[in-house]
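Novice: What follows is a structure written as structure tokens; I'll ask about it next.
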Amino acid sequence: MKIARFEFNLFGENTYILWDPETLDAAIVDPGMQTSDEEKVLADFITSNGLHPVHLINTHLHLDHTLGDTFVSSTYGLDLEAAAPDDFLGKDRVAQARLFHLDFANLAPLTIGKELHAGDTIKIGEGELKVIAVPGHTPGSIALYCAKDRFVLTGDALFRGSIGRTDLPGGNGDELRRSIRANLLTLPADTTVLPGHGPSTSVAMERSNPWV
Ligand SMILES: [Zn+2]
């Protein structure tokens, strides 16, 4: 599978596009486009590479990871795929914005069209992602693991040398550290970690993450 990373919005959030280079089927993960310029960057990438978006997936439903959800959903006709315990976050993004004293337009409630569960397999052309539960940053946080190509998208659970904050609604620090130790650091050591913010890292490197 091929991967492109985009950094969008004032939170510096990582949006990923994953695609099968043979079929050109693509998944858009955590679309964070805040402005029409950012929407154009994503749409132009899809057009110029001839991709067919077949999945809109969120690792969790925090505001900065969902600012582009409505655009992706309406432009490509895709239902949101995410884990049900984060539904309350998607339903009230205005409340999330208020926590940061932000006043964004167009924060329509999000509806999960397809609930994802731990152990689910998501097909992207011939490629496959496995859903891994990593609750703690939010109750419905998931990671997306590609065993064949040895990478995992960790959302805001695990960053390079750091972990997600747990002081927002539904956060739980003990649960997050447990999730990371049990479900991420047990992946093969050479797995590339692609986080929701900041640069990539590896499972091997994060086994000495001081926050875990
Ligand atoms: Zn988050």
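Only the coordinates and a few stated rules stand behind these numbers; no lab work does. Predicted model, so just to flag it, every value in this text is computed and none were measured. As a convention, Cβ positions derive from the backbone with ideal geometry for all residues, glycine included, and neighbour counts pool all protein chains shown.
Novice: Suppose we keep just the DSSP beta bridges with both residues in the chain; what percent of those would be antiparallel, to 5?
Specialist: 65
Novice: Give me P(r) over the range 2-206, computed from all C-alpha to C-alpha distances, binned every 5 Å, as integer percentages.
Specialist: Percent of Cα pairs in each bin: 1, 8, 17, 22, 22, 17, 9, 4, 0.
Novice: Hey, another quick one. Lysine pairs in the range 2-206 with Cα distance under 20 Å, only those 8 or more apart or on different chains: how many are there?
Specialist: 8
Novice: Something else now. Restricting to DSSP H runs of at least four residues, report the calculated mean residue ellipticity at 222 nm for the chain, -39500 (n - 2.57) per run over all residues, nearest 500 deg cm²/dmol.
Specialist: -5500 deg cm²/dmol
Novice: For Ala4 and Ala204, compute 0.36 nm times the residue count separating them, minus their Cα-Cα distance, and round to one decimal in nm.
Specialist: Going from the current span to full extension adds 69.8 nm.
Novice: If a paramagnetic tag sat 7 Å from the Cα of Leu168 along the Cα-Cβ line, which residues of the range 42-75 would have the backbone N under 15 Å from that point?
Specialist: So the set is 58-69.
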